[in-house]
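Down below is the structure, laid out as structure tokens.
Rule-based calculations on the coordinates, nothing more; no lab input. Predicted model, so just to flag it, every value in this text is computed and none were measured. Because the Cβ atoms are built from the backbone with ideal geometry, glycine has one as well, and the counts that use them run over all protein chains shown.
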Number of protein chains: 6
Amino acid sequence: MSMNNLGIVRRSIERAERSAVAELARFGVATIHEAMGRVGLMKPSIRPIYPGAHVCGTAVTVLLQPGDNWMLHVAAEQLQDGDVVVAACTTDTDDGYFGDLLATSFRARGGRGLIIDGGVRDVKDLAAMQFPVFSRAISARGTVKATLGSVNVPVVCAGALVHPGDVVIADDDGVVVVPAAIARQAADAAAAREASEADKRKRLAAGELGLDMYRMREPLAKAGLKYVD
Amino acid sequence: MSMNNLGIVRRSIERAERSAVAELARFGVATIHEAMGRVGLMKPSIRPIYPGAHVCGTAVTVLLQPGDNWMLHVAAEQLQDGDVVVAACTTDTDDGYFGDLLATSFRARGGRGLIIDGGVRDVKDLAAMQFPVFSRAISARGTVKATLGSVNVPVVCAGALVHPGDVVIADDDGVVVVPAAIARQAADAAAAREASEADKRKRLAAGELGLDMYRMREPLAKAGLKYVD
Amino acid sequence: MSMNNLGIVRRSIERAERSAVAELARFGVATIHEAMGRVGLMKPSIRPIYPGAHVCGTAVTVLLQPGDNWMLHVAAEQLQDGDVVVAACTTDTDDGYFGDLLATSFRARGGRGLIIDGGVRDVKDLAAMQFPVFSRAISARGTVKATLGSVNVPVVCAGALVHPGDVVIADDDGVVVVPAAIARQAADAAAAREASEADKRKRLAAGELGLDMYRMREPLAKAGLKYVD
Amino acid sequence: MSMNNLGIVRRSIERAERSAVAELARFGVATIHEAMGRVGLMKPSIRPIYPGAHVCGTAVTVLLQPGDNWMLHVAAEQLQDGDVVVAACTTDTDDGYFGDLLATSFRARGGRGLIIDGGVRDVKDLAAMQFPVFSRAISARGTVKATLGSVNVPVVCAGALVHPGDVVIADDDGVVVVPAAIARQAADAAAAREASEADKRKRLAAGELGLDMYRMREPLAKAGLKYVD
Amino acid sequence: MSMNNLGIVRRSIERAERSAVAELARFGVATIHEAMGRVGLMKPSIRPIYPGAHVCGTAVTVLLQPGDNWMLHVAAEQLQDGDVVVAACTTDTDDGYFGDLLATSFRARGGRGLIIDGGVRDVKDLAAMQFPVFSRAISARGTVKATLGSVNVPVVCAGALVHPGDVVIADDDGVVVVPAAIARQAADAAAAREASEADKRKRLAAGELGLDMYRMREPLAKAGLKYVD
Amino acid sequence: MSMNNLGIVRRSIERAERSAVAELARFGVATIHEAMGRVGLMKPSIRPIYPGAHVCGTAVTVLLQPGDNWMLHVAAEQLQDGDVVVAACTTDTDDGYFGDLLATSFRARGGRGLIIDGGVRDVKDLAAMQFPVFSRAISARGTVKATLGSVNVPVVCAGALVHPGDVVIADDDGVVVVPAAIARQAADAAAAREASEADKRKRLAAGELGLDMYRMREPLAKAGLKYVD
């Protein structure tokens, strides 16, 4: 029995229900993160490579070796329409694992975007293609194709555990992962949260204080807050 | 006697003279920093969340606890027209302490912007609102409301000491703090500096060398500079 | 005999052949880096100060002392049309060594841009001037003119060795250095690479897999890759 | 159904077989990591707080909130003899979540050490107690007890997924996690590796080259390595 | 009127009461920080240069310019027996501002140690001298003597505001600043805290749980903590 | 003609004169750095893996690929008595490229130590062997042997240019590189500096101020320093 998940490509994965994914696509990352009870975020080191990049899809996961992008080519074959590639690396590096050629290939196979805890390049072309990429770095550094990683195994990407088929949503605020099994539930909770926020926004815009709207005055006083002149 | 400034909200603060603030608003951060004799800057880790963000106003200071944005709600009530919230944290974290709801509330109360040595979220909405925010990070991570900090006490924010009522100016180059007592003097010095720079710019554009314009050749030679072929 | 290269300005340097520079200007940083066999890059910490900044030219090198920009003024006199200033520092600091006045001077003397392993300021003005700057930081912090560095000595800038006269190309993907002696050869190799990529892009866009196009299936199998369901 | 694992303490966890844990305790972190096929490591940001710290035991996992160590107190009750506490945090902070009082409590309940992706304090006392702690930081900063995290849920700690009951081994080289189900297999593989290394060490000490011992000359030549004078 | 505190040496400063300093010297940094209500700490980036370094004394403050240690020489003259030099810098750099010669001078003038938000060198000699130094870096890089900073002005050092004469205590856990005016009160509070900890340590060592000793079970249940099997 | 130095092993290199190396071994890194006129240092990110590590020898240089230590094995064959391996990497990573087996091999072939801009492991064993290693990280992460780098080409290691045969000196203060051609001159200058420091140390220990000894009072006054009470 193998003691690790290296050198493996899993072909059949269970993707989150398509309609739940579509529902989640309507919400921002912060809203979904809150709706799930403040979990699921990747670290804030993962940033969009162009302003306004946004993606929502089902994860095809990749585990890369340092300075080696072989598995991204392997992953391309496993893509279905609506997938987002989520690439972790066994080691923190900023190398440019991905560029416009791979983006062209991913898109041709149904891929909607890339989340990578590593670097990417050709960012001007990627922006022109409007292919959403979220990465820890931008680097022109090329990579080799020499050592096996894996495709569609569970990975830890930028501090978040991602299973193949999970929903991944990324926007200017970061990246959130929704386990496939709770995609519908998370979408419903996000919708509820968004509805409640609209009302709050209106009241705050009218000058009502959060202190009153959220009834904070009593707990603040109880905690000992003192007003002085 | 309390040994710290925690759990306190100071309601009456002395804001810098309004006309001096208006004067300072005309100048860039670098100019004001130079005019004061190269002091007053926050660390360059504080960056605008959208290009072109710019703000000048009087500081309402906040001291936050890690992962806790309770005091931002408390601060909203202390805002007057023309204020900028300056939020320090007892600990370095990138959590998303602030988003579009608080921005809506701050603006409704007269707040002009936010400087925070922490993270913020809803950055797309904040950009759409043109609500200027300068932060150390962007993160969707939510925060709690459980532990007291303070409002309108002196804080150290990104390496700069800020008293409530000081003038804070922020643009693409960073953030500078002008103590309320010297706001007028700093504005005058900035105006003088800007005037002198216009002439220099013209001469340099015409091909004159800084070596000559600033009379550097003699001190360089004295320091031992050698020209070789 | 001096044991270091400090306090020296070299006036006569051998610049890369002008036509080769023009040729290289047509290609992106990633392409040139790959064409040379994956060498020549500066670290990814050097970033453009505005999106779309791009420059290609011959290096006039500068070695700065921490918090001291004296040598940038000295360098201005050594500029010829088509030069790019490459500024290293004896120490890592983020101070703002460069702003719009120096940019005005550099441009007036033929300078095309700046690569600096330090900070810069006046970034809004620099963007408005479309003067391409690539730096490790943005900071309003001013610098002094007190200690000698050098101009046109070999420098290590952001991890890359740069000789005066080398070609430096910078775009959204980073910065690459091409030794003057191989500028023509690198340009030819970049052209060849770009030609071959156009065909690959077309095939990938049509849905062909990199696995097949690059004939990776056999080496992957030999390395032990396993497909499972 | 809850969408997250917050606010939960799991009392009954399946610990790795005791004899396998004892076996693993004989080996270093690097050996075990290699024996499993190069997996299982936490990031190198986790360091021992005193030289020579070493621990091997079964994980009781903790998920902390930023600047809040409440759950460490909750975890103490769940400890059994031979356990090691593995504490992740929902946010990266360096606060001092742990000190000599908690160490005293952990040890009294059977705890053998602590791995924490956060800060600790009282390090002089901890060293005097020889209580092994591996942390991302040392900080005197105190924490509150206000917000729920969890105990004995799966956590991602410094980039590694840890389930309660897994074996955790930490020494000067870092921290490795061995899933409970393969503890025996990993121990056997580590033993095999160590045996083979002893022979290699002897041959290398006698001056034999790795090039010959590992038969690298042919693959190096095939890869194109050139010897020049 | 000067708009900054540069170029100034204040000769007469009010040092904290000597007996209060002696009292504070008995306690660790974490204890004093807690006793003051969790304030006063420098950032954890400041570390002792040798294990076991410990110092307590009254601050003589220094503001340095980047790569320039002139003001440390100026500070030497201002030292009185029992002083600790606290050196901030206008810019973050790791240069080696201080070495064994300055330590010899400081000690000869009554100086007890150094806290510096910069680098130091000759660390082997400093350890041999048992001259306690706490710094952000170790670096052999030399510095110049060209630009004025200040001595005995208020400084922000590693995030903490320090006035000349304040008490500074540093040990393996970090550095804490006690304002001169509350030195006695802080010492008393630290003594009280230490006394209460001794009892707690004994109870925890006997196996009592913090959950019970601190009466946490009820608030945890109220917060919603669930125990599951 | 190759455009890069990859895939090359240079067998005949010109090492610095043996007696000059022996002379340099008597001095600390800071002294040599100063004696050469404040040049030659690697970045302070390179630290000894155990306190008191010290090495002086002639450089055998290695250029590594990320996560690949093949070239270290190739380098072993090129070692002569008194050599120190200086390993740069094309990419910043913290992987554990080196451990006790390679140290055993290096030592058996005459190697005296290792400077590496990457990670190492087996640090307890390396300390027990007293094999001096200076690295940017400690990590148990294993590496592959798949991609060619080079041996004995000029490399940029931690910001310093190193040619094969240069003298490399490393101690607790960092790492300095002395070009082979000036080894003798640097040794002489270091000796002169050390002699002059002994006298200064004595005078400072007797209470004389640097202000007087270095005649700083006049230049300080000229620069505008003001003493106030």
13 Å beta-carbon shell around residue F:229, net charge (K/R +1, D/E -1): +2
Max mean-square fluctuation residue, GNM over chain B, Cα-Cα springs under 10 Å, options B:95, B:125, B:212: B:212
Chain A: most fluctuating residue of A:180, A:75, A:198 per GNM, C-alpha cutoff 10 Å: A:198
Computed magnitude of the charge dipole of chain E (debye, nearest 20; Cβ of K, R +1, Cβ of D, E -1): 200
Antiparallel bridge percentage (DSSP; both residues within chain A; nearest 5): 45
Beta bridge orientation in the protein assembly as shown: antiparallel %, DSSP, nearest 5: 45
Proximal lysines to residue B:226, defined as alpha-carbon separation beneath 30 angstrom and excluding residues fewer than eight positions away on the same chain: B:200, B:202, C:145, E:145, F:43, F:222
Within-15-Å neighbourhood charge of residue E:217 [Cβ basis; K, R +1; D, E -1]: +1
Antiparallel DSSP beta bridges within the range B:101-221, as percent of all bridges there, nearest 5: 60
Most mobile of D:121, D:203, D:215 in a GNM of chain D (Cα contacts under 10 Å): D:215
Residue-by-residue Karplus 3J(HN,Hα) for the range D:32-46, coefficients 6.51, -1.76, 1.60, Hz, glycine and proline x: 5, 4, 5, 5, 7, x, 6, 9, x, 7, 7, 5, x, 5, 8
Structure-based [θ]222 nm, chain F - -39500 (n - 2.57) summed over DSSP H runs of at least 4, per residue, nearest 500: -8500 deg cm²/dmol
Sequence-distant residues sharing a close amide H with residue F:118 (under 5 Å, placed H): F:136, F:137
Shape call, the protein assembly as shown: gyration tensor on alpha carbons, a/c limit 1.5: rounded
Fraction in percent of alpha-carbon pairs per bin - 5 Å, the range E:1-52: 4, 12, 13, 18, 17, 17, 13, 5, 1, 0
Charged-residue dipole, Cβ positions (Lys, Arg, Asp, Glu), the protein assembly as shown about Cα centre, Debye nearest 20: 0
Residues whose placed amide H lies under 5 Å from that of residue A:160, excluding near-sequence neighbours: A:43
Inter-label distance, nm, simple model (7 Å from Cα along the C-beta direction), residue F:198/residue A:17: 8.5
GluC sites (Glu not before Pro) restricted to the range B:1-87 and DSSP loop, no more than 13 other C-beta within 10 Å: B:14
Cα principal axis extents for the range E:74-178, largest first, Å: 30, 30, 27
Shielding score for E:5-15, defined as the mean number of other chain Cβ atoms within 10 Å: 3
Gyration tensor (alpha-carbon) shape descriptor, the range E:125-176, a/c threshold 1.5: oblate
Shape category assigned to the range D:65-135 from the gyration tensor of Cα positions, a/c cut at 1.5: oblate
Placed amide H near residue F:175: partners under 5 Å, 5+ positions off or other chain: F:42
Centroid-to-centroid separation of the range D:75-143 and the range A:116-171 [C-alpha atoms, Å]: 34
Cα Rg over Rh - chain A, Kirkwood: 1.08
Cα-based Rg and Dmax for the range D:171-229, where Dmax is the largest Cα-Cα distance (Å): 17.2, 54
Computed Kirkwood radius, in angstrom, where 1/r is averaged over Cα pairs of the range F:134-224: 17.9
Dipole of chain B, positive direction: furthest Cα of B:210, B:180, B:191, with charges on the beta-carbon: B:210
Phi to ³J(HN,Hα) by Karplus 6.51 cos²θ - 1.76 cosθ + 1.60 over the range E:79-87, Hz, x for Gly, Pro: 6, 10, 4, x, 7, 10, 7, 10, 10
Summed residue charge, Cβ within 11 Å of residue D:204's Cβ, Lys/Arg positive, Asp/Glu negative: +1
Residue and distance (whole Å) for the chain B Cβ nearest the axis that superposes B on A: B:51, 5
